[in-house]
Amino acid sequence: MASAVSSDTPPPAPRVGYRQLLRTPGALTFLLPGFAARQPFAMLTIGIVLLLRHTTGSYGVAGAVAAVTGVSMALFAPQSGKLADRHGQRAVLVPGVLLHAAAATLLTALALADAPLWSLIATAVPTGASVPQIGPMVRARWAAVLGDGAPGGSGPCPGGHPLLATAAAFESVTDELTFVIGPVLATALSTAVHPASGLIAEAALTLVGGLLFAARRRTAPPPRPVRADARDRRTTALSVPGVRVLAVAFLGVGSVFGGMQVALTAFTQEQGQPGLNGVLYGVFAAGNMLAGAACGAIAWRTSPRRRLLTAYAALTLICSTLWAVSAPLPLGGLGLLAGLCVAPALITGYTLVDALVPAASRTEAFTWLTGSVALGQAAAVTAGGQVADGFGASAAFTVPLVGTALALLTVVSLRAHIAPRTITAPVAMRHEPHRAEDGRALSSGR
């Protein structure tokens, strides 16, 4: 009788959490070099701004060169992701990190030599275009090592590995930690050692970390060569409407990163305390990290779309107050609150991509979002530099407000496109009985 009862009892749901995730065979072999290799993404913009502000004396010039770097990365990142999907990550990474290290070193030398602006801009193009897309590649590796069990390869749903959602949250936390360490490290080196130290360290970390990451071939997803038919050759992750909406959302997030970097630099200069720049930006980024860790530990009962809209509305509200602050302490508090709103928006966006995009285009889709952050950051750095030069630091804080407000308006208007429709309640109940309500919410798009 006991055996009969036990045979009728469904097996317990597998435990999910960060501890179980990190025990995945092979995970640490790509996580550790991947963490080092992704630091430059957060160091590049602030490193350029601090160096060129020192050599030219203008936030506008520094922001313009940094913006060219960001635009170049945003334009080339999706192509890098597509090539990685088709030919493998190593084939893209090795030449990419070599080119980036050389270009960043040349940009540093030109800046120190007081080279003309056109030469700085020309060198900024390959510097940005060759930024390695480590974050998207790590996310693709998680899907490869955990297995993508979603029907039709559409992404991690309740029918796939239960740790895929945990991996998405973990990667977002890692991204936020990158934005804690990277800018603080670049700022500390540039202010305490030499104005060029931040950019030099960025190039060195890219080279060493990128090559170590590329050497971990066993965990890399297999290449997915394009099929011969013309329709497959034209397929791109951006053809998914939801990806386009999320790309706009991430433009707004990028405007917060870029706008805060320039505005905080100008603010601490006006206060006569330039050393506080790294501290204040670190507080902002620490909010991102803390909220990201919490998001990964919460069993959400609301749909991803609703969480994205809520987080974005809160982020816009916080950004609307930054310009009115005139002291470091309250500015740090508001920066912390802004960071607490950024992380949920990023985590939810990446989770939605997993549900909206086929596995064969996943790295490309992630790079579209990463590129959108870079593009928004570039635009904000440019605008923030011009505003700071002309009207002061307080006015520069309006840049992230404008960016988030415009993105929020777009996301609210087109929210129907970011509701995953591949998840159904029966599937959710089979694999996660305690989240059947979540499955119904997702399938209905609430």
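The values are calculated or read from the model by the stated rules, or taken from the named source; none is laboratory data. Quantities reported herein were computed from a predicted structural model and do not represent experimental measurements. Positions of Cβ are generated from backbone atoms using ideal geometry, with glycine treated the same way; all protein chains shown enter the neighbour counts. Protein only, heavy atoms only, side chains kept; ligands, DNA and RNA dropped before computing areas. Shrake-Rupley method; radii C 1.70, N 1.55, O 1.52, S 1.80 Å.
So here's what we get for this one:
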| read-out | value |
| --- | --- |
| Some residue of the range 363-382 being assigned to a helix (DSSP H, G or I) and aromatic (Phe, Trp, Tyr) | yes |
| Sole exception among (1) open to solvent by 20 Å² or more (accessible area, probe 1.4 Å); (2) part of a helix (DSSP H, G or I); (3) modelled with pLDDT under 85; (4) under 23 Å from Asp389 (Cα atoms) for Gln273, by number | (2) |
| Condition met for Gly287 (open to solvent by 20 Å² or more (accessible area, probe 1.4 Å), under 20 Å from Ile181 (Cα atoms) and out of contact with any Ser or Thr (no Cβ under 9 Å at 6 or more places or on another chain)) | no |
| Hey, Leu346 of a type outside the set (Val, Ile, Thr), more than 14 Å from the chain's Cα centre (by Cα) and in a helix (DSSP H, G or I) or not | no |
| The range 360-384, subset of a type in the set (A, V, I, L, M) and open to solvent by 20 Å² or more (accessible area, probe 1.4 Å), residue farthest from Ala314 (Cα to Cα) | Ala360 |
| Failed item, numbered, when Leu199 is tested on (1) in a helix (DSSP H, G or I); (2) open to solvent by 10 Å² or more (accessible area, probe 1.4 Å); (3) modelled with pLDDT of 75 or more | (2) |
| Close pairs (6 angstrom Cβ cut-off, 6 or more residues apart or separate chains): hydrophobic (A, V, I, L, M, F, W, C) in the range 391-411, assigned to a helix (DSSP H, G or I) and open to solvent by 30 Å² or more (accessible area, probe 1.4 Å) anywhere | Ala393/Glu270; Ala395/Val387; Ala396/Val387; Phe397/Trp323; Val399/Ala383; Ala407/Val248; Ala407/Leu251 |
